Structure formats: structure tokens, C-alpha cells
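Working notes, structure below.
The values are calculated or read from the model by the stated rules, or taken from the named source; none is laboratory data. Just so it is clear, the structure is predicted and the values come from calculations on it, not from any experiment. Cβ placement follows ideal geometry from the backbone for every residue including glycine, while neighbour counts extend to all protein chains displayed. These area figures cover heavy atoms from the full protein model, side chains too; ligands, DNA and RNA do not enter into them. Shrake-Rupley method; radii C 1.70, N 1.55, O 1.52, S 1.80 Å.
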Amino acid sequence: MLTLESLSLTQGDFTLTADLSVEAGARVAIVGPSGGGKTTFLSLIGGFLQPDRGCILWQGRDISRLSPGDRPISMLFQDNNLFPHLTAAQNVGLGLKPSLKLSPEEQDRVDDALTRVGLAGLGGRKPAQLSGGQQGRVALARVLLRAKPLVLLDEPFAALGPALKVEMLDLVKELVESSGATLLMITHDPRDAERIAQQTILVNDGAVSAPVDTATLLRDPPDALRDYLG
């Protein structure tokens with residue numbers, strides 16, 4: 001279980017607060033108006049920001065002060081965070097060793113991860129030689145290879161067309177279901193939340209609500225979410 005206890009962070013005149021729990025293995029969407037604190041919330045969990053007070057627990061262990069690399073977390077950003085000078089296989093291999101000095105067994109694991117996301121035989125291509133959807137699959141292969149129990153997605157598919165985005169969402173769902181990972185995903189599209197997330201967290205004006213059933217929330221949204229969705 002992921003637990004945020006009395007978490008608070010102030011940046012200038014903006015304060016984010018969170019006090020909630022997410023069950024292990026859950027798929028949770030994070031929605032809310034732009035500027036409300038969604039990325040700040042995810043960055044706190046990922047370790048890219050440090051809270052002023054409170055703590056973050058994973059399976060009862062306090063991970064609040066661990067560096068991002070030491071947390072049981074893989075995070076995927078909007079730009080997929082691929083290095084343009086590295087091949088797809090090398091970008092994936094970074095999930096195992098930043099030095100990229102991989103053993104034959106580790107290289108086999110990279111190839112297997114690429115195959116699982118539908119990129120068999122494309123490991124030698126650089127990001128510029130891949131489509132947007134293929135780049136997203138490379139980033140997902142790296143997440144898969146890291147095999148962390150917490151997966152955080154910050155709108156990695158926002159720039160994709162509707163059909164390709166649906167394909168990527170279904171792939172994410174398949175991968176986290178097969179691994180048992182807990183998923184937290186920021187999205188601006190309620191259809192994304194409905195497609196992939198059992199529960200949804202509303203973040204508005206720095207206040208992070210506890211997760212609730214996605215269908216229930218979208219069927220009868222609070223005023224802040226209704227105003228945002230239009």
C-alpha cells in the first residue's frame with residue numbers, strides 16, 4: 001500500500017496537501033484543473049520534490065527521504081525521457097545499468113522487454129527513427145524492465161492521436177496487470193481515466209483528494225471537476 005500521511009509542500013504562494021492511501025496493485029488516474037498540483041503531487045511521490053512535512057510510505061516503509069533512484073518507483077514523463085543519441089535498446093538498457101555495460105543475460109532481458117511492447121527487431125533504431133507511438137513503447141519497455149512495484153505516468157501519451165493513445169493505454173493496463181504494479185497516471189482526458197483506472201484522485205488548488213471509484217466520480221463530479229470538464 002502507498003500511504004501519504006499529512007503530506008505538505010509549499011512553493012511560493014502555492015501549497016499542496018495530501019493525506020490518503022492507495023492499495024497495492026490499484027490503477028489510479030489523477031485528474032484536475034491545470035495548475036492544480038497534479039505534477040507536483042506525482043513528483044513528491046517520485047522523489048523529485050521533497051515535502052515540507054509529512055511522510056510517504058510504501059508497504060509501511062518510509063521512503064520520503066530516499067532519492068528517486070532508490071525508491072521502488074518507475075516514472076514516465078510527457079516527453080518519454082529518451083536520449084536521442086542512444087538506440088532504443090540502449091534507452092531500455094538504462095533501466096538496468098546507467099553504464100550500459102550489460103551482460104549477455106541482461107541484453108536478453110532488454111530484447112525481451114522490447115518484444116513484449118511490440119518492438120522486436122527495432123532495438124538498433126534511435127528515437128528519431130521511430131514514430132511517436134514507438135517511442136512511447138520504448139519508454140514503457142524501460143519501465144517494464146525496471147520491474148518496480150510503483151509506476152507513475154505524467155501524461156506520456158497526451159500528444160498522440162486518439163487511436164494510438166487508446167492502444168498505448170491498453171498496453172499500459174496489460175503490463176501493470178501482468179506485473180501486479182500499482183499505477184498512478186495523470187490525465188486531462190476523463191476517457192483515459194475510464195479506460196484504465198479503477199479509481200481516480202482529484203487534485204484541485206493544491207488539495208489532493210482520496211481515491212474514489214472512477215465511474216462514480218465522473219458520473220457525479222464535484223463542482224471543481226465539473227467546471228474543468230465543461
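Some notes on this structure:
- Hits in the stretch 107-131 (condition: open to solvent by 40 Å² or more (accessible area, probe 1.4 Å), assigned to a helix (DSSP H, G or I) and not hydroxyl-bearing (S, T, Y)): Q107, D108, R109, D111, D112, R116, A128, Q129
- Long-range neighbours under 7 Å by Cβ, at least six apart or interchain, first residue polar (S, T, N, Q) within the stretch 124-138, second at pLDDT below 85: Q135/N80
- Residues being touching a strand residue (DSSP E or B) at 6+ places or on another chain (Cβ under 6 Å) and in a helix (DSSP H, G or I) - total across the stretch 162-181: 1
- Some residue of the stretch 60-67 being over 30 Å from A224 (Cα atoms) and of a type in the set (V, I, T): yes
- Breaking point among (1) touching a Pro at 6+ places or on another chain (Cβ under 7 Å); (2) assigned to a strand (DSSP E or B), for S21: (1)
- So L96, is it on the phi < 0 side of the Ramachandran plot and modelled with pLDDT under 90: yes
- For L4: the one exception among (1) in a strand (DSSP E or B); (2) open to solvent by 10 Å² or more (accessible area, probe 1.4 Å); (3) in contact with an Asp or Glu (Cβ under 7 Å, 6 or more places away or on another chain); (4) not basic (K, R): (2)
- Taking the stretch 167-226 as the range and being open to solvent by 20 Å² or more (accessible area, probe 1.4 Å), modelled with pLDDT of 90 or more, within 28 Å of S6 (Cα to Cα) and not aliphatic (A, V, I, L, M) as the test, the residues that pass are G180, Q198, Q199, N204, D205, S209, P211, D213, T216.
- Taking the criterion of being part of a helix (DSSP H, G or I) and either of a type in the set (A, V, I, L, M) or open to solvent by 60 Å² or more (accessible area, probe 1.4 Å) (or both), the residues of the stretch 81-106 that qualify are A88, A89, Q90, V92, P104, E105.
The rows are residues; the columns are (1) under 23 Å from S179 (Cα atoms); (2) assigned to a strand (DSSP E or B); (3) in contact with a helix residue (DSSP H, G or I) (Cβ under 9 Å, 6 or more places away or on another chain); (4) open to solvent by less than 20 Å² (accessible area, probe 1.4 Å).
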site: I30; (1), (2), (3), (4): yes, yes, yes, yes
site: S34; (1), (2), (3), (4): no, no, yes, no
site: F41; (1), (2), (3), (4): no, no, no, yes
site: I45; (1), (2), (3), (4): yes, no, no, yes
site: F48; (1), (2), (3), (4): no, no, yes, no
site: P51; (1), (2), (3), (4): no, no, yes, yes
site: C55; (1), (2), (3), (4): no, yes, no, no
site: L66; (1), (2), (3), (4): no, no, no, no
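- Pairs meeting the criteria (first residue in the stretch 160-173 and farther than 15 Å from L144 by Cβ, second residue in a helix (DSSP H, G or I) and acidic (D, E), beta carbons under 9 Å, at least 6 apart or on different chains) are L160/E167; K165/D192; V166/D192; L169/D192.
- For the stretch 10-54, filtering for residues that are more than 20 Å from the chain's Cα centre (by Cα) and more than 18 Å from I201 (Cα to Cα) leaves 8.
- A147 passes every criterion in (1) free of Cβ contacts under 8 Å to residues at least 40 places away in the same chain; (2) more than 17 Å from the chain's Cα centre (by Cα) apart from (2).
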